[in-house]
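Novice: Okay, handing you the structure first.
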């Protein structure tokens, strides 16, 4: 809840991609913890939590949160970051595998807008994943964003680039990989289409790609590709 209404897709004032639940709802948190504990007991490499945060800076102002913030005697920003960090600590205890936290691609105002205090979360999570989804026709934005995150994230930094539809020119994706490779520990290429994924994998083996990487003298990317391919 905010003073203007709920964080739902039906509320056109917010342009949200999904409906949001209050992060201080114990029923929601307990269900998630049970799911995480069960999932982490399987044969998996790790767990990635996306959107463990507030919807945006206006939320949450439900009766539950209003009561909690009054009892805590914290200010608005500290209360929200504390509630998110405490939940992630609970997840850390419940998980039997490494834990990665998804972050909004906003290195300047994560705490103020979403309750994501990277300084606190550095002591809890094993890795952070930042999605940067665009057409990559201009690469200075990925470069600026990833450089800024590298200054704050002390754990493994994973940058998620999107190769899905509408399909981007493969050269644009190449340039984005080169731009972020200097600062990212891992580059994740996301697509939800199997054939497109194969196309991207085959393109990474193409001479054009290696030529671009060599021209930019991007040694970190060349080293990773040698291991990958």
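The values are calculated or read from the model by the stated rules, or taken from the named source; none is laboratory data. Because the structure is a prediction, the values reported are computed rather than measured. Cβ placement follows ideal geometry from the backbone for every residue including glycine, while neighbour counts extend to all protein chains displayed.
Novice: Could you list all residues from the stretch 35-50 that are surrounded by 15 or more Cβ atoms within 10 Å (Cβ to Cβ) and under 30 Å from residue 108 (Cβ atoms)? Write out each step before concluding.
Specialist: Our first condition is that a residue be surrounded by 15 or more Cβ atoms within 10 Å (Cβ to Cβ); within the stretch 35-50, this holds for 36, 40, 47-49.
Across the stretch 35-50, the qualifying residues are 36, 47, 48, 49.
Novice: Quick check on the stretch 3-14. Is at least one of its residues part of a helix (DSSP H, G or I) and exposed (fewer than 11 other Cβ atoms within 10 Å of the Cβ)?
Specialist: The answer is no, given that none of the residues of the stretch 3-14 is part of a helix (DSSP H, G or I) and exposed (fewer than 11 other Cβ atoms within 10 Å of the Cβ).
Novice: While we're on this one: Which members of the stretch 157-168 meet the condition of being without any contact (Cβ under 8 Å) to a residue 40 or more places away in the chain and either in contact with a helix residue (DSSP H, G or I) (Cβ under 9 Å, 6 or more places away or on another chain) or in a strand (DSSP E or B) (or both)?
Specialist: Going through the stretch 157-168, the residues without any contact (Cβ under 8 Å) to a residue 40 or more places away in the chain turn out to be 157, 159-168.
Matches in the stretch 157-168: 157, 159, 160, 161, 162, 163, 164, 165, 167, 168.
Novice: Could you check the stretch 52-133 for helices (runs of 4 or more DSSP H) lying wholly inside it with 1 or more residues that are under 20 Å from residue 152 (Cα atoms) and in contact (Cβ under 8 Å) with a residue 40 or more places away in the chain?
Specialist: Counting at least 1 such residues, we get 76-94, 110-114.
Matching residues to (1) within 24 Å of residue 11 (Cβ to Cβ); (2) at pLDDT below 95; (3) not assigned by TED's automatic domain parsing to the domain that holds residue 35:
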site: 58; (1), (2), (3): yes, yes, no
site: 64; (1), (2), (3): yes, no, no
site: 81; (1), (2), (3): no, no, no
site: 92; (1), (2), (3): no, no, no
site: 118; (1), (2), (3): no, no, yes
site: 130; (1), (2), (3): no, no, yes
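Novice: Going through the stretch 16-28 one residue at a time, which ones are at pLDDT below 95 and assigned to a helix (DSSP H, G or I)?
Specialist: 28
Novice: Residue check, residue 171 against (1) assigned to a helix (DSSP H, G or I); (2) under 18 Å from the mean Cα position of the chain (by Cα), all met but one. Which one?
Specialist: If we test residue 171 against (1) assigned to a helix (DSSP H, G or I); (2) under 18 Å from the mean Cα position of the chain (by Cα), just (2) comes out false.
Novice: Further, regarding this structure: Considering only the stretch 180-203, how many residues are more than 23 Å from residue 140 (Cβ to Cβ), surrounded by fewer than 17 Cβ atoms within 10 Å (Cβ to Cβ) and in contact with a strand residue (DSSP E or B) (Cβ under 9 Å, 6 or more places away or on another chain)?
Specialist: Summing the residues that are more than 23 Å from residue 140 (Cβ to Cβ), surrounded by fewer than 17 Cβ atoms within 10 Å (Cβ to Cβ) and in contact with a strand residue (DSSP E or B) (Cβ under 9 Å, 6 or more places away or on another chain) in the stretch 180-203 gives 2.
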